[in-house]
Amino acid sequence: MIEKFKTLFFVKSSLISLYLALTIPIPLISNNNLKILSIFTFILGLYLIISITSDYVETCKNKISYRTSAISKALGKKGWEILWKDIKLIKSFPTSQGSKVFYFNTNNNDNFLIPQRVESIEKFLSIVNKNTGITTDEISYLSPLWTYKLLTLLSVLMIVGELFAFLS
C-alpha cells in the first residue's frame, strides 16, 4: 500500500501568505505602464511558490521516495528514492537554531535528508521504524508548529493592513 505524506499545511500556508504579504502591494502601486507586467510576475511568483511547496514523500512496502515538482527540480532540489533494505542508519546533525536535522545513511554511504515538515509525521516515522528497524523516537518537526502558525497570522495581518491602506 502506498502512503503519501504532503508538506505540512502550516509550512505551506506560512510561505504562501508571506509571499502574498510581500508582493500584493506591487501590482497595486505600480505605474500604469508596468501594471500588466507586475500582475503577470505576481501570478507567476505565486505559481512558483505553490509549486515548490508541493513536494511530498511516498512510502510503500519496498521503498521510500521524496518527490519534487518540475519547478523544484529546475531550481536544483532533487527527489530521491531508497529501498528500505538499503538504509543502514539515521544520522543527526545540529542546526544553528538549536534543533536537529536527520539523514538516512545508506549501505553506499549516501545521505538523504529526512523530511521533517510532513503531515502525519508520527505515522510517517512509524512506517520508517517498521521498515528499517531503526528507532525514530528522537525525530520530530524541524521547528515548532507555533512558529509557522505565527508567521501565517502575521502575514495575513500584513495583507489586511496593506489592503486597508490601499482602499482608504
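Conditions (1) over 20 Å from the mean Cα position of the chain (by Cα); (2) part of a helix (DSSP H, G or I); (3) closer than 25 Å to residue 123 by Cβ, marked per residue:
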position: 16; (1), (2), (3): no, yes, yes
position: 19; (1), (2), (3): no, yes, no
position: 22; (1), (2), (3): no, yes, no
position: 41; (1), (2), (3): yes, yes, no
position: 66; (1), (2), (3): no, no, yes
position: 77; (1), (2), (3): no, no, yes
position: 91; (1), (2), (3): yes, no, yes
position: 96; (1), (2), (3): no, no, no
Quiz item: Hey, residue 137 hits all of (1) more than 24 Å from residue 53 (Cβ to Cβ); (2) in a strand (DSSP E or B) but one; which does it fall short on?
Solution: (2)
Quiz prompt | Among the candidates 26, 90, 114, residue that is aliphatic (A, V, I, L, M) and farther than 19 Å from residue 134 by Cα | solution = 26
Practice problem: Inspect all residues belonging to segment 127-134 and state whether any of them is exposed (fewer than 13 other Cβ atoms within 10 Å of the Cβ) and either without any contact (Cβ under 8 Å) to a residue 24 or more places away in the chain or under 15 Å from the mean Cα position of the chain (by Cα) (or both). | Solution: yes
Quiz prompt | Yes/no for residue 40 being more than 26 Å from residue 168 (Cβ to Cβ), modelled with pLDDT of 95 or more and either loosely packed, with under 15 Cβ neighbours inside 10 Å or among the charged types (D, E, K, R) (or both) | solution = yes
Practice problem: Kindly indicate which of 54, 69 is without any contact (Cβ under 8 Å) to a residue 24 or more places away in the chain and of a type in the set (Ser, Thr, Tyr). | Solution: 69
Self-check item: Test for residue 147: is it among the polar types (S, T, N, Q), modelled with pLDDT of 95 or more, in a helix (DSSP H, G or I) and surrounded by 13 or more Cβ atoms within 10 Å (Cβ to Cβ)
Solution: no
Practice problem: Report, by residue number, each residue of segment 150-168 that is among the aromatic types (Phe, Trp, Tyr) and surrounded by 13 or more Cβ atoms within 10 Å (Cβ to Cβ). | Solution: none
Quiz item: When you look at residue 48, is it in contact (Cβ under 8 Å) with a residue 40 or more places away in the chain, more than 30 Å from residue 106 (Cα to Cα) and either touching a Lys or Arg at 6+ places or on another chain (Cβ under 9 Å) or not in a loop (DSSP other than H, G, I, E, B) (or both), yes or no?
Solution: no
Quiz prompt | Residues of segment 1-14 satisfying the condition of being in a helix (DSSP H, G or I) and either of a type outside the set (S, T, N, Q) or over 25 Å from residue 164 (Cβ atoms) (or both) | solution = 9, 10, 11, 12
Quiz prompt | Selection within segment 135-153 - hydrophobic (A, V, I, L, M, F, W, C) and in contact (Cβ under 8 Å) with a residue 24 or more places away in the chain | solution = 139, 142, 145, 151
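Every residue, every condition in (1) surrounded by 13 or more Cβ atoms within 10 Å (Cβ to Cβ); (2) in contact with a Ser or Thr (Cβ under 9 Å, 6 or more places away or on another chain); (3) at pLDDT 95 or above; (4) among the polar types (S, T, N, Q), yes or no:
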site: 59; (1), (2), (3), (4): yes, yes, yes, yes
site: 66; (1), (2), (3), (4): yes, no, yes, no
site: 77; (1), (2), (3), (4): yes, yes, no, no
site: 85; (1), (2), (3), (4): no, yes, yes, no
site: 92; (1), (2), (3), (4): no, no, no, yes
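The values are calculated or read from the model by the stated rules, or taken from the named source; none is laboratory data. Computed from a predicted model, the values in this text were never measured in an experiment. Cβ sites come from the backbone with ideal geometry, for glycine too, and all protein chains shown count toward neighbours.
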